[in-house]
1. Rank these for me by crowding, Ile254, Ile266, going from fewest to most other beta carbons within 10 Å.
2. What is the extension gain from Thr65 to Ala191, computed as 0.36 nm multiplied by their sequence separation minus the C-alpha to C-alpha distance, in nm to one decimal?
3. Leu55's amide H: which non-local residues (gap 5+, or another chain) put their own amide H closer than 5 Å, with H modeled 1.01 Å from N in plane and none for Pro or chain starts?
4. Roughly what would the spin-label model give for Arg30 and Asp272, points 7 Å off Cα along C-beta, in nm?
5. Using 1/(1 + (r/R0)^6) with R0 = 25 angstrom and r between the beta carbons of Val121 and Thr202, what's the FRET efficiency to the nearest 0.05?
6. Starting from 0.36 nm per residue, how many nanometres of slack lie between Leu226 and Ala184 once their C-alpha separation is accounted for?
7. Which value, in debye to the nearest 20, describes the size of the charge dipole of the range 67-194 about its Cα centre when Lys and Arg Cβ atoms bear +1, Asp and Glu Cβ atoms bear -1, and nothing else is charged?
8. I need the shape label for the chain. Rule: rounded when a/c is under 1.5, else prolate if a/b > b/c, else oblate, with a, b, c from the alpha carbon gyration tensor.
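Derivation of every value follows stated rules applied to the coordinates shown; laboratory data play no part. Please read these numbers as outputs of a predicted model, since none were measured by experiment. Methodologically, a virtual Cβ is constructed for each residue, glycine included, from the backbone with ideal geometry; neighbour enumeration extends over all protein chains shown.
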Amino acid sequence: MRRWILHLDLTTARLFVTTIEQESIAEAAREHAIAPSAVSKRIQQLEGEIGMPLLVRHRRGVEPTAAGLVVLRRARAMIHEAMQLEADLAGMREGLTGRVRLCANETALIEFVPAVVADFVAAHPGVEVELDERPSTAVVRAIWQNAADLGIYVGDVPPIDLWRRPVFQDRLVLVTMQDHPLAAKHEVSMADILHHEVIGQTTEGALSMLLTRAAASYHRVLKMRLFADGYDTVCSLVGRGLAVGIVAESAARIFAPRFGLAVLAITDGWADREHQVCARSLRGLAPPQQALLDHILRQGERGAT
């Protein structure tokens, strides 16, 4: 039986990834400084070799088919492997160099990542760190799709087989206007919060899912009419007297004074959250990525003591 082997070169892989990211063959051609017809020809040749369409073409641009998403993940992995090879060889010549793509949720980027990255880049001046903020579910998806090297997320996420370890904990708090009825309390529980309107957050976020489950334990749903993305926006809306908000304690330390808000502890166990660092696999990490992961784990151990 003849074995079928797909010939996907780096140039085609880069063009295909850019086409999907830009949702346009013309934009991909412009970014790579070649003719759109050349991009289209390479993708058509790839489709012919695979035997199925990879893109849906329409007037507004293009989008990947199911097969296109599979090829996208593998193309990104291929590009990433080439970058790792370059980094490995450069590291052998000049010491530790290269780039690490770190994807993290908002809380991690406020509370944990800045100190970690500051220490790391000071110790490794030849390594570039690219930071990307995403909701926790999107962080895990980015790692799985090779769109990031390391990720930090919180909460329950889709069951994807990734390497992961806990690194730090945070706590959620309630923010209100100073004259809000709850502001007279020093601490609150979900039973108290359910009586008041709450600023909702992105439905894909770990916090949104956590609050939905916490309210469901009382056989209730939270009262939400306004939805915002980001702790700063939530605190700004709370400062306008529109509702109360639930944010990370580290975010409240930054934004509550700015908007004149009261900060109340939440006594329920769900308010304590554990953040984890993840990677597709340890074997696939280049030296700069492994070095940053080791540094993250050391910082996590220090924070736990």
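1. Values: Ile254 15, Ile266 21.
Starting with the residue having the fewest Cβ neighbours, the order is Ile254, Ile266.
2. Working: separation 126, 0.36 × 126 = 45.36 nm, distance 4.59 nm.
Stretched fully, the Thr65-Ala191 segment lengthens by 40.8 nm.
3. Sorted by chain and number, the residues that satisfy this are Thr65.
4. Between Arg30 and Asp272, the simple spin-label model gives 5.3 nm.
5. Numbers: r = 30 Å, r/R0 = 1.19.
The formula returns an efficiency of 0.25 here.
6. Working: separation 42, 0.36 × 42 = 15.12 nm, distance 2.39 nm.
Stretched out fully, the Leu226 to Ala184 stretch lengthens by 12.7 nm.
7. Working: 12 positive and 18 negative charges, 88 e Å.
Using Cβ point charges on Lys, Arg, Asp and Glu, the range 67-194 gives about 420 debye.
8. Numbers: a/c = 2.45, a/b = 1.69, b/c = 1.45.
Note, shape of the chain comes out prolate.
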